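K.L.:
Starting off with a structure, shown below.
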Amino acid sequence: MSAAAAGQDADDLRWMQHAIDAGALGTKAVRPNPRVGCALVRGDTLLGLGFHQRCGGPHAEIEALHAASSAFGPGAARGATAYLTLEPCNHHGRTPPCVDALLAAGIARVVVAVRDPHPVAGGGLERLRAAGVAVAVGVAAEGAARLIEGFVVGVREQRAFVRLKMAASLDGQTAAQDGSSRWLTSPLARARVHAMRAEADAVLVGSGTLLADDPRLNARGELGAPGDPPLRVVVDRRLRTPPEAAFCDPALGPSRLYTSGASADTAEAAALRQRGVEVVGIDAVHDDPASGDSAAPATGEGVLEDDTVAFLRAVLRDLRQRGQHEVLCEGGATLAAGLWRAGVVDRLELMLAPLLLGRGVGLWPGLSVGTIGEAVRLEVDAVVRLGPDLHLSARRR
């Protein structure tokens, strides 16, 4: 869509893209805060760029103001325009309000891509307007919104953001008919998955995948992602995980297993704890505090499905409460279908290999879609070539 068609100024779009690019440099070190970028501009001169680098550190606005002062001297930002991917905060948290810093610097105009969904941090634009600062909202909102996908889910639904990674042949099979599936994709695609693991707070699989593949679930390779290694998580309501599994090896990183409340107090659970696994018992509760709705599945397949949906939602809420805000799920078809039915898949990362397997193990046999109206609808917003493979990134509509 052209700037004219969108009703947005071409210069505003250009400078906001600088802010978005800066914000994209943020890593998981900012969580639970959002990734934010800021560009300070006067006329056709970029005075300073900034992005939020770590939770508790200076916000993007402060970094950009420091950059402008260092490059052009004190007071350089007076009369300038600030391009912000997210509304400036208006509360005292780990740092003072960024609205105060913008006003003190003499910023004349603020252009914001998206409003802050947080009920405490929001309200910055109203303060700026009241102080006589010109404000524009909604410039390049779609690009900026992707920076804060996980933050928005956490604020609105009080659960971890879910990125579901699946790998398949071009005809939608995850394994051949005999069950063999090792290395459908190329080394380049697998390296990309390890980079996604490194950027996640947790990597999650179901017990079926653990028993079939004995995965290590750690991030390997030259990844360059700062922060702690991802927590390795298994969902195993029947507690089938053997203590000798690679998942239980403490040398590979921290691990947590979610099971039923009854299973958490058994000899099997004690054996896993002796190996260093954190075992958490969760009983499915059939309501969702984030929505006020019952946790009934979209397919209406009865009590068992209802229990699974409620259990998965409870796991994701617990993960967020314990500090794991973004989760990469790499489970098989059973876990994937449960996550879809629970309505908690926020982004699908699909690796497609140039293979045709014919009859094999399908991607989504557990979805049980009966009519086209029940189909899960996605919007693909990125397609990347990884050697011979394709990486499709899509969000749920």
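K.L.:
What do you get when you divide the Cα radius of gyration of the range 142-264 by 2.2 N^0.38 Å, with N the number of residues?
P.N.:
Rounded to two decimals, the normalised Rg is 1.18.
K.L.:
Could you check what % of the DSSP bridge pairs in the chain are antiparallel, to the nearest 5?
P.N.:
45
K.L.:
Something else about it: Using the 2.2 N^0.38 Å rule of thumb for compact globular proteins, work out how the range 136-195 stacks up: its C-alpha Rg over that value, please.
P.N.:
Scaled against compact globular proteins, the figure is 1.68.
K.L.:
Peptides 199-208, 260-269, 10-19: what's the order by average Cβ count within 10 Å, highest mean first? Each step should come with its number before you reach the end.
P.N.:
Values: 199-208: 23.5, 260-269: 15.4, 10-19: 19.3.
Per-residue Cβ counts within 10 Å, averaged per peptide and sorted highest first, yield 199-208, 10-19, 260-269.
K.L.:
Once the Cα atoms of helix 10-23 and of the chain are each reduced to a long axis, what angle between those two axes, in degrees from 0 to 90 to the nearest 10, is obtained?
P.N.:
50
K.L.:
On to the next question. Around Arg395, what is the net charge, scoring Lys/Arg as +1 and Asp/Glu as -1 over all other residues with Cβ under 12 Å from its Cβ?
P.N.:
Result for the local shell: 0.
K.L.:
With θ set to phi - 60° and the Karplus curve 6.51 cos²θ - 1.76 cosθ + 1.60, what are the ³J(HN,Hα) couplings of the range 355-362 in order, to the nearest whole Hz, using x for Gly and Pro?
P.N.:
Coupling constants for the range 355-362: 10, 10, 10, x, 7, x, 9, x Hz.
K.L.:
A further question on this structure: If you take the beta carbon distance between Glu278 and Arg94 as r and set R0 to 22 Å, what does 1/(1 + (r/R0)^6) give as a FRET efficiency, to the nearest 0.05?
P.N.:
0.25
K.L.:
What three numbers, in Å, describe the spread of the alpha carbons of the range 1-151 along their principal axes, ordered from the longest?
P.N.:
37, 36, 29
K.L.:
Please give the helix 187-199 orientation as an angle from the longest Cα principal axis of the chain, in degrees from 0 to 90, rounded to the nearest 10.
P.N.:
70
K.L.:
What nm value, rounded to one decimal, do you get for the distance between Cys55 and Leu211 when each label is placed 7 Å out toward the C-beta?
P.N.:
Computed distance between label sites Cys55 and Leu211 equals 3.5 nm.
K.L.:
Let me check I've understood the local charge: for Val99, count other residues with C-beta under 15 angstrom from its C-beta, Lys and Arg +1, Asp and Glu -1. What total comes out?
P.N.:
My count for the surroundings of Val99 gives -1.
K.L.:
Compute the FRET efficiency between Leu170 and Ala145 as 1/(1 + (r/R0)^6), taking r as their Cβ-Cβ distance and R0 = 22 Å, and round to the nearest 0.05.
P.N.:
The calculated FRET efficiency here is 0.10.
K.L.:
Let me know the Kirkwood hydrodynamic radius for the chain, please, with Cα pairs as the basis and the value in Å to one decimal.
P.N.:
Value: 22.8 Å, from the Cα pair sum.
K.L.:
Further question on the same structure: Please report the carbon-and-sulfur percent of the accessible area for the chain; probe 1.4 Å, protein heavy atoms only, DNA, RNA and ligands left out.
P.N.:
So the carbon and sulfur contribution to the accessible surface is 52 percent.
K.L.:
Using a 1.4 angstrom probe, figure out how much accessible area the chain has per residue, in square angstrom, rounded to the nearest whole.
P.N.:
Ligands and nucleic acids excluded, the figure is 45 Å² per residue.
K.L.:
So if I take the alpha carbon set of the range 33-86, get Rg, then get Rh from the Kirkwood formula, what is the Rg over Rh ratio? Before the final figure, lay out the partial values.
P.N.:
Details: Rg = 10.7 Å, Rh = 11.0 Å.
When Rh is taken as the Kirkwood radius, the ratio is 0.98.
K.L.:
Using every alpha carbon pair in the range 302-359, what percent of pairs falls into each 5 Å bin from 0 up to the bin containing the largest distance?
P.N.:
Result, from short to long distances: 4, 15, 23, 22, 15, 9, 7, 4, 1 percent.
K.L.:
Using bins 10 angstrom wide from zero, how does P(r) for the range 50-137 break down, in % of all Cα pairs?
P.N.:
Once binned at 10 Å, the Cα pair distances of the range 50-137 give 18, 56, 25, 1.
K.L.:
What is the percent of Cα-Cα separations in the range 217-279 that go past 17 Å?
P.N.:
I get 38 percent for the Cα pairs in the range 217-279 exceeding 17 Å.
K.L.:
Nearest 10 degrees, 0 to 90: what angle lies between the long axis of helix 60-72 and the longest principal axis of the chain (Cα atoms)?
P.N.:
The angle comes out at about 40 degrees.
K.L.:
Thr266 to Ala130: extension gain in nm, 0.36 nm per residue of separation minus the Cα-Cα distance?
P.N.:
42.9 nm
K.L.:
Between Asp11 and Arg359, what length in nm is gained on full extension when 0.36 nm per residue of separation is reduced by their alpha carbon distance? Numbers along the way, then the final one.
P.N.:
On the way: separation 348, 0.36 × 348 = 125.28 nm, distance 5.30 nm.
Roughly 120.0 nm would be gained on extension.
K.L.:
Okay, helix-only estimate at 222 nm for the chain: each DSSP H run of n ≥ 4 adds -39500 (n - 2.57), divide by all residues, round to 500 deg cm²/dmol; what do you get?
P.N.:
So the helix-based figure for the chain works out to -8500 deg cm²/dmol.
K.L.:
Project the alpha carbons of the range 166-209 onto their principal axes and report the range along each, largest first, in whole Å.
P.N.:
Principal extents (Cα only, largest first): 34, 27, 15 Å.
The values are calculated or read from the model by the stated rules, or taken from the named source; none is laboratory data. Because the structure is predicted, anything quoted here is derived from the model rather than measured. Positions of Cβ are generated from backbone atoms using ideal geometry, with glycine treated the same way; all protein chains shown enter the neighbour counts. Surface accessibility is based on the protein's heavy atoms, side chains included, excluding ligands, DNA and RNA. Shrake-Rupley method; radii C 1.70, N 1.55, O 1.52, S 1.80 Å.
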